[in-house]
Amino acid sequence: MDIDAEAEGDVEEHKESFFIYNGEKTVSKSQHVRKVEVHSEVIKIEDDVFSNSRQLETLLLCDNLKEIGISSFSYCTSLKKIELKPNIITINRSAFEGCSGAAELIIPEGALKTIGKRAFAKCNKIKGIEIPNNVHTIGQLAFMGCTSLRDVILPYGMTEIRNGLFLNCI
């Protein structure tokens, strides 16, 4: 095989496996992406944009991000870690639902106010979560089916726990 052709094939494969997200509503070839980096100027990740990207392993969010759309990363079953940034205000419904490969969820102190319905449902490898005090709303079934979940720290002063918040977790 021609060495140049082989090297060109490697570059093409690398291009498909790494993606810089610039805020588009749709992303072609998202099913083959292994790593996504959110561009520093993006403030919202659109609804469904990486949903069912089953090969996605790594997600690098930017510091300016304010909102993660509905089902943006749902069923990204190879995603290993969900690490949010302090400026995120809203995680919408089913944003990370079914990310069954994610063993770690990091929610830093910051601007986060709302965790939507089913946002982390069926993330069944997560063992512990600490929800910061700035969170005011956690939607129904937000952590449903997180079967490995054993340690939970809820926000100080939380006055309501929604239906099924931790349904089928033990």
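The values are calculated or read from the model by the stated rules, or taken from the named source; none is laboratory data. Here the structure is a predicted model, which is why all the values come from computation and not from measurement. Here Cβ is always computed from backbone atoms with ideal geometry, including for glycine, and neighbour counts include all displayed protein chains. Accessible surface is based on the protein model in full, side chains and every heavy atom, while ligands, DNA and RNA are left aside. Shrake-Rupley method; radii C 1.70, N 1.55, O 1.52, S 1.80 Å.
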Per the helix-only model, the chain has a calculated mean residue ellipticity at 222 nm (DSSP H runs of ≥4, -39500 (n - 2.57) each, divided over all residues, rounded to the nearest 500) of -3000 deg cm²/dmol
Of all GluC sites (Glu not before Pro) in the range 74-127, the ones in DSSP coil with at most 11 other Cβ atoms within 10 Å are Glu109
Going through Lys80/Lys113; Lys44/Lys122; Lys66/Lys122; Lys25/Lys80; Lys66/Lys117 one by one, the pairs whose alpha carbons sit over 21 Å apart turn out to be Lys80/Lys113; Lys44/Lys122; Lys66/Lys122; Lys25/Lys80
Note: the range 53-114 at 4 °C, 1.567 mPa s; Kirkwood Rh on alpha carbon pairs; Stokes-Einstein D in µm²/s works out to 111 µm²/s
In the chain the accessible area split gives carbon plus sulfur, as whole percent at 1.4 Å, a share of 48 percent
When the charge dipole of the chain is computed with +1 on Lys and Arg Cβ and -1 on Asp and Glu Cβ about the Cα centre, the Cα farthest towards its positive end, among His32, Gly110, Ala142, belongs to Ala142
With +1 at each Lys and Arg Cβ and -1 at each Asp and Glu Cβ, the charge dipole magnitude of the chain around its Cα centre, to the nearest 20 debye, comes out at 1140 debye
Mean separation of Cα contacts under 8 Å (at least 6 apart) over the residue count of the range 34-170, i.e. the relative contact order in percent, is 17 percent
Rounded to 0.05, the calculated FRET efficiency for the beta carbons of Glu37 and Leu154 at R₀ = 30 Å is 0.45
In degrees, nearest 10, the alpha-carbon axis of helix 3-17 is tilted away from the dominant principal axis of the alpha carbons of the chain by 20 degrees
Taking every other residue with Cβ under 13 Å from the Cβ of Asn168 and scoring Lys and Arg +1, Asp and Glu -1, one gets +2
With the dipole of the range 28-170 defined by +1 on each Lys or Arg Cβ and -1 on each Asp or Glu Cβ, the option from Ser100, Ser72, Gly157 whose Cα lies farthest towards the positive pole is Ser100
Per residue, accessible area of the chain with a 1.4 Å probe, heavy atoms of protein chains only, in Å², comes to 53 Å²
